[in-house]
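The values are calculated or read from the model by the stated rules, or taken from the named source; none is laboratory data. Nothing here was measured: the structure is a model prediction, and the numbers come from that model. All Cβ positions, even for glycine, are placed from backbone atoms using ideal geometry, and neighbour counts span all protein chains on display.
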Amino acid sequence: MIGLLDRVARPLLYALDPEDAHRLAIKLLQIAPLPPAGPDDGRLATRVFGLNFPNPIGIAAGFDKHGELPDALLRAGFGFVEVGTVTPLPQPGNPRPRLFRLDADQAVINRLGFNSQGADVVLRRLAARAKAGGIVGVIVGANKDAADRVADYVRLIERFATVASYVTVNISSPNTPGLRDMQQAGVLDDLLARVIDARERVTKNAGLTPVLLKIAPDLSLSDLDDLVGIARARRVDGMIVGNTTVTRPPGLRAVQSSEAGGLSGRPLLPLADRMLAETYVRVEGVFPLVGAGGIDSGASALGKIRAGASLIQIYSGLVFRGLRLVREIKATMLAALERDGSQIIADYVGSDAAAVTAEAWPA
Ligand SMILES: Cc1cc2nc3c(=O)[nH]c(=O)nc-3n(C[C@H](O)[C@H](O)[C@H](O)COP(=O)(O)O)c2cc1C
């Protein structure tokens, strides 16, 4: 069924404006009678921040921004789904066009700017499917016009803790002016203190919901030092490394590469892997990392785990490879386990991190 969906739908989707194509892909997935993916091989299972993942492959934030199809995505074989970014109040995001496919580079540029249907709508959807199970995290962000951005995050943690398997604090989107400044030490310390405090307040009703932090791949290493120090001191449960980049790696060929916004997909892989490894060596195993950025094959997925990711997330790779990518990644992981005589995928986490940090800085 997934093969059929890929073969029939993708030529059609490619003919459309990328944002219309995304809407149509969501509709198709909602109506496609995807049978539940069979159980995963037990060697792909992994326990991370207190949750049991059937496999380590997640769909990254931004695909299901409004919580419309987490169950269809779980049925398609993902081990977890991250819904969002959700803002407290609905907001339209930036004017269109704001999403660009760079076919020649297997990349995407977006400047969506947190278009969100708002917390009320997403909460209702997630509450309605809560009993269906599966790991569904929610990533939250502040409204563009928020008078007090930290208060937005606090409120969203309180509200989503009951329906989300985990909640991620997004301070790394390049498309909300000033948002990434929240990664600076003073602001971040206050934000995390209040966010973790909010999580503790709702624990009685919601259980202990893991709180993650998603960072940009564009931080300097000294900023990363500070950031990891604060995340450790404030006891976050994990970090996602990372979001899209505002840099433009040399060699991009598509004319759309000059569009403003965050770049994702294949050209992001070297920088994303490097930042992940740099984060891994600084975190020293105190909390686990989720690796995102540029995965479009089994090899790049396994490379991400070796660079330090306990879990991985994909988005742009799906645009170019379709849902079969999920199956391919699982097959590559299982082949590696067979070859190496390993019992669990967690054996690979961070095995190459030190080596990656010793390489020349990616161009
Ligand atoms: C169209 C699009 C929308 C995105 N929206 C969000 C978002 O709302 N929140 C977020 O944290 N990341 C968002 N991202 C970033 C992805 O979650 C991911 O971190 C990034 O794309 C790198 O992974 P990839 O190279 O596999 O796409 C978006 C990415 C794309 C391509």
Task: the range 276-318, residues that are surrounded by fewer than 24 Cβ atoms within 10 Å (Cβ to Cβ), among the hydrophobic types (A, V, I, L, M, F, W, C) and within 14 Å of the ligand (Cβ to nearest atom) - done: LEU318
Task: Those residues of the range 74-106 which are over 16 Å from the mean Cα position of the chain (by Cα), within 13 Å of the ligand (Cβ to nearest atom) and under 30 Å from SER297 (Cβ atoms), in sequence order - done: PRO97, ARG98, LEU99, PHE100, ARG101, LEU102, ASP105, GLN106
TODO: For the range 216-236, name all the residues that are part of a loop (DSSP other than H, G, I, E, B) and hydroxyl-bearing (Ser, Thr, Tyr).
DONE: SER220
Task: Which listed residue, of VAL163, VAL195, is aliphatic (A, V, I, L, M), part of a helix (DSSP H, G or I) and either farther than 21 Å from VAL281 by Cα or within 13 Å of the ligand (Cβ to nearest atom) (or both) - done: VAL195
- [ ] Go through the range 260-363 and tell me which helices (runs of 4 or more DSSP H), entirely inside it, have 2 or more residues that are within 16 Å of MET239 (Cα to Cα).
- [x] 269-283, 298-307
- [ ] Within the range 245-259, track down each residue that is farther than 16 Å from ASP273 by Cα and either part of a helix (DSSP H, G or I) or among the hydroxyl-bearing types (Ser, Thr, Tyr) (or both).
- [x] VAL255, GLN256, SER257, SER258
TODO: Could you please let me know if LEU269 is free of Cβ contacts under 8 Å to residues at least 60 places away in the same chain and within 16 Å of the ligand (Cβ to nearest atom)?
DONE: yes
Task: Contacts under 8 angstrom Cβ, first residue in the range 119-141 being assigned to a helix (DSSP H, G or I), partner within 16 Å of the ligand (Cβ to nearest atom) and among the acidic types (Asp, Glu), 6 or more apart - done: ARG125/GLU68
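So that you can scan it fast, the table gives a plain yes or no per residue for (1) touching a Phe, Trp or Tyr at 6+ places or on another chain (Cβ under 9 Å); (2) surrounded by fewer than 17 Cβ atoms within 10 Å (Cβ to Cβ); (3) modelled with pLDDT under 95; (4) not aliphatic (A, V, I, L, M):
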position	(1), (2), (3), (4)
LEU5	no, no, yes, no
TYR14	no, yes, yes, yes
ASN52	no, yes, no, yes
GLY58	yes, no, no, yes
HIS66	no, no, no, yes
VAL86	yes, no, no, no
ILE109	yes, no, no, no
- [ ] Return the total of residues in the range 226-240 being touching a Leu at 6+ places or on another chain (Cβ under 7 Å) and farther than 11 Å from LEU188 by Cα.
- [x] 5
Task: Failed criterion for VAL202 (all others in (1) farther than 21 Å from LYS65 by Cα; (2) of a type in the set (A, V, I, L, M); (3) not in a helix (DSSP H, G or I) hold) - done: (3)
Task: Hits in the range 329-363 - residues which are within 19 Å of the chain's Cα centre (by Cα) and closer than 28 Å to ALA32 by Cβ - done: ILE329, LYS330
